[in-house]
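Chemist: Please see the structure below; I have some questions.
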Amino acid sequence: MHYYFITGTSRGIGKALAERALEEANVQVVGFSRQQRIEHPHYTHHSLDLSNVDSLGSTAETIFTKLPNAERIVLINNAGTLGDVKYFGSLEDSKIDQLFSVNVTAPAILMNHFIRAYQTAEAERIIINVSSGVSRYPVDGWSGYCASKAALDMLSEVAALELKEQNVQHFRVHAVAPGIVDTQMQTSIRDVDEQNFSRLQKFKDYKSEGALDNPQQTADKYFYLINHPTEFQEVRQDVREF
């Protein structure tokens with residue numbers, strides 16, 4: 001049996017990942033998001049606000065339990081928020097806190113409990129954190145998003161190093177950038193004020209020129225990584241390089 005735990009399954013890449021997983025035989029998918037938009041006999045939904053990190057640990061303990069006949073156990077931290085697209089000096093303190101809670105703290109808590117629960121399991125185990133190309137370079141107006149994705153990359157690197165140091169076999173950790181995908185986040189980007197984001201026209205052009213990947217194509221690329229472990233040795237990956 002293959003088990004997938006996926007955050008942000010109500011739309012976009014997260015929904016596509018869950019639906020792609022459900023195409024497999026002998027699979028159980030557990031989704032986390034505030035809204036349920038998938039109905040399937042092998043899908044279980046948990047309504048969860050990932051910005052509420054106070055209750056996340058106790059929730060994870062009840063979900064990451066012993067799994068019968070597990071051959072593969074996968075955690076995909078997909079949920080994320082762009083946050084306020086504004087320059088420093090104009091940001092709201094509460095929005096900064098919320099962004100880092102969703103993009104960094106929540107994935108770290110879920111990784112912590114996932115590794116605690118399955119470190120000694122005999123199944124293949126995989127953690128995939130959905131990163132971004134902007135984790136490696138600055139974008140004006142995106143301070144929180146760039147910084148949080150850089151932090152998520154390093155969390156992935158450290159987790160992989162620790163598992164290696166402990167000689168844990170068949171447990172992979174990856175931070176995978178999805179490329180530029182036609183999601184609600186892209187819609188939100190195109191609606192921001194150009195004074196807060198100098199590259200606005202470029203992102204409008206991505207849409208008008210048909211340069212955006214669809215979520216289903218992106219989900220297929222993530223599953224290529226999942227299903228071909230020998231081809232992906234590094235922690236940080238980008239689907240555009242597959």
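A short reminder: the numbers here are calculations on the coordinates, not readings from a lab. Predicted model, so just to flag it, every value in this text is computed and none were measured. FYI the Cβ positions are ideal-geometry reconstructions off the backbone, even for glycines, and counts take in every protein chain you see.
Chemist: For region 43-113, build the convex hull from the C-alpha positions and give me its volume per residue in Å³.
Modeler: Cα convex hull per residue, to the nearest whole number: 105 Å³.
Chemist: Could you work out, for region 56-167, what percent of all Cα-Cα pairs fall into each 10 Å distance bin, beginning at 0 Å and stopping at the bin that holds the largest distance?
Modeler: Binned Cα distances yield the sequence 13, 40, 29, 14, 4, 0.
Chemist: Next up: List the relative contact order of region 108-173 as a percent without decimals, with contacts defined as Cα pairs under 8 Å and 6+ residues apart.
Modeler: Details: 50 pairs, mean separation 25.6, N = 66.
So the answer I get is 39 percent.
Chemist: Taking Cα pairs under 8 Å and at least six residues apart, what relative contact order does region 1-111 come out at, in percent?
Modeler: On the way: 168 pairs, mean separation 33.1, N = 111.
Result for region 1-111 is 30 percent.
Chemist: If the chain between residue 35 and residue 161 were fully stretched, how many nm would it gain, using 0.36 nm times the residue separation less the Cα-Cα distance?
Modeler: Values: separation 126, 0.36 × 126 = 45.36 nm, distance 3.48 nm.
Here the answer is 41.9 nm.
Chemist: Let me know the whole percent of all Cα-Cα pairs from the chain that are separated by more than 34 Å. Don't skip to the end; give the middle numbers.
Modeler: Values: 3705 of 29161 pairs.
Every Cα pair in the chain considered, those over 34 Å come to 13 percent.
Chemist: Contour minus end-to-end for residue 112 and residue 1, with contour as 0.36 nm per residue of separation and end-to-end as the Cα-Cα distance?
Modeler: On the way: separation 111, 0.36 × 111 = 39.96 nm, distance 2.27 nm.
Stretched fully, the residue 112-residue 1 segment lengthens by 37.7 nm.
Chemist: Could I ask something else about it? Pull up all non-local amide H partners of residue 44: gap of 5 or more, or a different chain, and H-to-H distance under 5 Å with H placed in the peptide plane.
Modeler: 29, 30, 31
Chemist: Evaluate Rg over Rh across region 124-242, taking Cα atoms for both radii and Kirkwood's formula for Rh. Let's see the in-between values first.
Modeler: Details: Rg = 16.1 Å, Rh = 15.6 Å.
Rg/Rh for region 124-242 comes to 1.03.
Chemist: Going by average Cβ neighbours within 10 Å, how do the peptides 9-19, 44-54 rank, with the highest at the top?
Modeler: On the way: 9-19: 23.7, 44-54: 15.6.
Highest mean packing first, the order is 9-19, 44-54.
Chemist: Where does region 89-142 land on the Kirkwood hydrodynamic radius, alpha-carbon pairs, in angstrom?
Modeler: Details: mean 1/r = 0.0724 Å⁻¹.
About 13.8 Å, per the Kirkwood formula over Cα pairs.
Chemist: Each label point is 7 Å from the Cα along the Cα-to-Cβ direction; what then is the distance between the points at residue 24 and residue 202, in nm?
Modeler: In this crude spin-label approximation the distance works out to 3.6 nm.
Chemist: Then there's this: Specify which residue in the list 117, 160, 30 is farthest towards the positive end of the charge dipole of the chain, using unit charges on the beta carbon of Lys, Arg (+1) and Asp, Glu (-1), about the Cα centre.
Modeler: Farthest towards the positive end: 30.
Chemist: Beyond 28 Å between alpha-carbons counts as too far, so tell me which of 15/164; 86/164; 95/204; 15/95 fall in that bin.
Modeler: Details: 15/164 31 Å; 86/164 40 Å; 95/204 25 Å; 15/95 25 Å.
Over 28 Å apart, Cα to Cα: 15/164; 86/164.
Chemist: A further question on this structure: Going out from 0 in 10 Å bins, what whole percent of all Cα-Cα distances in region 1-103 drops into each bin?
Modeler: Answer for region 1-103: a P(r) of 14, 42, 28, 11, 4, 0 percent.
Chemist: From the phi of every residue in region 186-200, what ³J(HN,Hα) in whole Hz does the Karplus formula 6.51 cos²θ - 1.76 cosθ + 1.60 yield, where θ is phi - 60° and glycine or proline is x?
Modeler: Ordered by residue, 3J(HN,Hα) equals 5, 4, 4, 4, 5, 9, 7, 7, 4, 5, 9, 7, 5, 9, 3 Hz.
Chemist: Per the helix-only calculation at 222 nm, which mean residue ellipticity applies to the chain, given -39500 (n - 2.57) for every DSSP H run of n ≥ 4 and division by its residues, nearest 500 deg cm²/dmol?
Modeler: Roughly -11500 deg cm²/dmol at 222 nm, from the helical runs in the chain.
Chemist: Relative contact order (percent) for the chain, with alpha-carbon contacts under 8 angstrom and 6 or more residues of separation? Walk me through the numbers before you get to the answer.
Modeler: Working: 414 pairs, mean separation 46.8, N = 242.
Reported as a whole number, the value is 19 percent.
Chemist: For region 154-203 and region 5-28, compute the distance between their C-alpha centroids and round to whole Å.
Modeler: If you average the Cα positions of each part, the centres end up 18 Å apart.
Chemist: Still on this structure, I have one more. If we count every other residue with Cβ under 13 angstrom of residue 150's Cβ, Lys/Arg +1 and Asp/Glu -1, where does the sum land? Could the numbers behind the result be given before it?
Modeler: Working: positive: 136, 149, 236; negative: 153, 157.
Residues near residue 150 contribute +1 overall.
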